[in-house]
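Heads up: the structure comes next, in structure tokens.
Just so it is clear, none of the values below were taken in a lab; they were calculated from the coordinates. Please read these numbers as outputs of a predicted model, since none were measured by experiment. When we count neighbours, we look across all protein chains shown, and the Cβ atoms used for this are built from the backbone with ideal geometry, even at glycine.
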Amino acid sequence: MRASFAPAIPAVRTFATALPVALLLSLAGCGADPVAGPGTEPLFPVKGQVLLPGGKPLTSGTVVLLPSSGQSSSPRGELGPDGSFTLKTRGDREGAPAGQYKVRIEPSASQAAKKGGRYDPKSLPFPARYTDEDGNTGLTATVQTGPTTLEPFKLTAEAPAQGGSRNRD
């Protein structure tokens with residue numbers, strides 16, 4: 001009986017070796033977005049600017065987009081000296097998934113002190129409501145399926161308008 005199984009063993013080895021190679025080759029062309037990487041949403045370039053009450057740029061801190069319509073990531077962008085930012089997702093990946101977002105502004109460590117886990121309003125260069133953890137700031141953004149330039153987020157000293165939107169494409 002051994003002699004009858006012997007010819008099948010090389011075929012099994014060949015199949016066992018070829019199967020993983022064939023699977024890898026078939027997955028290589030599955031159409032995943034090269035910017036997004038496998039198993040993630042596609043990312044689209046997003047830039048914007050933050051202006052303080054009075055129109056001067058907020059020169060340091062971070063803009064954070066909190067998903068409100070099914071996205072799994074919270075894109076963020078560091079503010080530059082002119083108040084501009086470019087969003088990144090999952091750390092260092094340029095862009096953001098398309099969709100609707102609430103917007104939170106986080107001051108830099110040098111801008112604000114924390115008391116009891118919250119920013120001390122007296123140490124902030126802008127109204128504390130813009131640091132709301134849940135993004136209830138009155139600021140929203142829409143990321144399009146393509147390059148998006150958001151209209152500047154103009155921070156105000158008075159209470160935000162209910163349902164107000166601060167996004168443009």
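Numbers at a glance
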quantity: Potential extension, ASP132-LYS56 segment - 0.36 nm per residue separation minus Cα distance; calculated: 25.2 nm
quantity: Relative contact order (%) - the stretch 46-154, alpha-carbon pairs under 8 angstrom, separation at least six; calculated: 31
quantity: Within the stretch 46-154: Cβ-based charge dipole about Cα centre, in debye rounded to nearest 20 (Lys, Arg +1; Asp, Glu -1); calculated: 200
quantity: Calculated FRET value between GLN144 and GLN111, using beta carbons and R₀ = 30 Å, to 0.05; calculated: 0.45
quantity: Greater than 19 Å apart at Cα, pairs in LYS88/LYS122; LYS56/LYS154; LYS102/LYS122; LYS56/LYS88; LYS56/LYS102; calculated: LYS88/LYS122; LYS102/LYS122; LYS56/LYS88; LYS56/LYS102
quantity: Least to most buried among THR89, THR148 (fewest other Cβ within 10 Å first); calculated: THR148, THR89
quantity: Stretch gain in nm, segment GLU94-SER69, where the contour uses 0.36 nm per residue and the Cα spacing is subtracted; calculated: 7.0 nm
